[in-house]
1. Kirkwood Rh over Cα pairs of region 196-309 into Stokes-Einstein at 4 °C, 1.567 mPa s: D in µm²/s?
2. For Val281, Val75, write out the residues from largest to smallest accessible area, computed with a 1.4 angstrom probe and no ligands counted.
3. Using alpha carbons only, how many angstrom separate the centre of region 339-358 from the centre of region 127-189?
4. For a test of the definition: using alpha carbon positions, the gyration tensor, and the 1.5 limit on a/c, classify region 238-366 as rounded, prolate or oblate.
5. Whole Å is fine, so just give me how far the alpha carbon centre of region 216-257 lies from that of region 266-333.
6. Any chance you could look up the accessible area of Asp330 with a 1.4 Å probe, heavy atoms only, rounded to 10 Å²?
7. Taking only protein heavy atoms into account and a 1.4 Å probe, give the accessible area per residue of region 216-366 in Å².
8. Among Ser256, Ala308, Gln286, which residue has its Cα furthest toward the positive end of the charge dipole of region 223-366, with +1 on Lys/Arg Cβ and -1 on Asp/Glu Cβ?
Amino acid sequence: MRKKVLTAWLLVLCMCVGALAGCGTKKENETESQVQSETLAESAENTDQSADTEAPADSDSAEGESEEVSESLAVPSEVINIGAMKGPTAMGMAQLLDDANYNVSIVASPDEIVPMIVQGKVDIAAVPANLASTLYQKTEQQVTVLAINTLGVLYIVENGETITSVEDLKGKTIYASGKGATPEYALNSVLKAHGIDPEADVTIEYKSEHAEVVSALLADRTAVGLLPQPFVTTALMKNENLRVALDLNELWESGSSDGSRLVTGVVIAKNEYLSEHKADVEAFLQAYEQSVDFVNEDIEAAAKIIGAHDIVAEEVAKKAIPQCSIVFIDGDEMKTMLSGYLNTLFEQNPQIIGGQIPDDAFYYQR
């Protein structure tokens, strides 16, 4: 049985890596890191590193503030091993990164985090929503989704000021990355929900990397692009003519009648760990919820921690956090939002969520 489950875990990696939202390819991650580093280098000389009196400027003070807040959090009985990917799904964990109760490993892509789960190196992981569903199906229901940690991070960007509503997309060329993955299905769903035929009313051209989308926009001022955060922020910091025209979060919500939301990332736990350490999982969830609040409320301090752990460059994080849809949503609200989203993906490509809709056991009830 153990060999059977392990084999199923390993199969997940082959089936999932090319079908994830907002993660891109390894090459895309390298491109984003390069852009972020260049942006930080260009801006560092002119950046005021000071914060207001409630958020001290030096790193020791920022760490001290984080530790002071952490003292009030629930404490697990033993160190919890956590895995997360660079970008918004890890940014919400900022307050836990220097907490001795949590050993957080940050990786660049799904092909790194799946083996960590398979080999038992992590007990809890922040992963793309569709990957969580696929893991659930391919491992005989051996994972449980604890909470939604990131809503949509996709935005329509243009080189100009012609797009003010979704109706303005008719007749446009939309450059995007993520062909055959969740960005494609999210875009198609949003367009259809607003009466736009993705095949007849617009022309969608898919690129292999986010950077290629930006290049296409700069070359064709009549076109628009679909990009994820925080790459949107890095692109805007380097190209002042680009602007965010539409938020796919808002478009999804306005076109939805089932309470679903555009969900990018979730937090999952291995069921074996969950059954043996439920109190520790509860401690983690309490600490994680407070960390998410911290990131959204004290952007300066959070960005400093995020940059120090090489998740996203500090200057990029400062500007990107408000648009990264970092949340903590659990319970029935999580189930409604996530199940509707997965159903939308299933209707377009069942295999992207593991071949079938997860049953109720997939959703953790506190």
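1. On the way: Rh = 18.2 Å.
D, rounded to a whole number, is 71 µm²/s.
2. Working: Val281 0, Val75 95 Å².
Of Val281, Val75, the descending order of accessible area is Val75, Val281.
3. 13
4. Details: a/c = 2.16, a/b = 1.18, b/c = 1.83.
Verdict is oblate for region 238-366.
5. Between the Cα centre of region 216-257 and that of region 266-333, the gap is 24 Å.
6. Estimated to the nearest 10 Å², Asp330 gives 40 Å².
7. 39
8. Ala308
The values are calculated or read from the model by the stated rules, or taken from the named source; none is laboratory data. Because the structure is predicted, anything quoted here is derived from the model rather than measured. Note that we place each Cβ from the backbone using ideal geometry, even for glycine, and neighbour counts take in every protein chain shown. Protein only, heavy atoms only, side chains kept; ligands, DNA and RNA dropped before computing areas. Shrake-Rupley method; radii C 1.70, N 1.55, O 1.52, S 1.80 Å.
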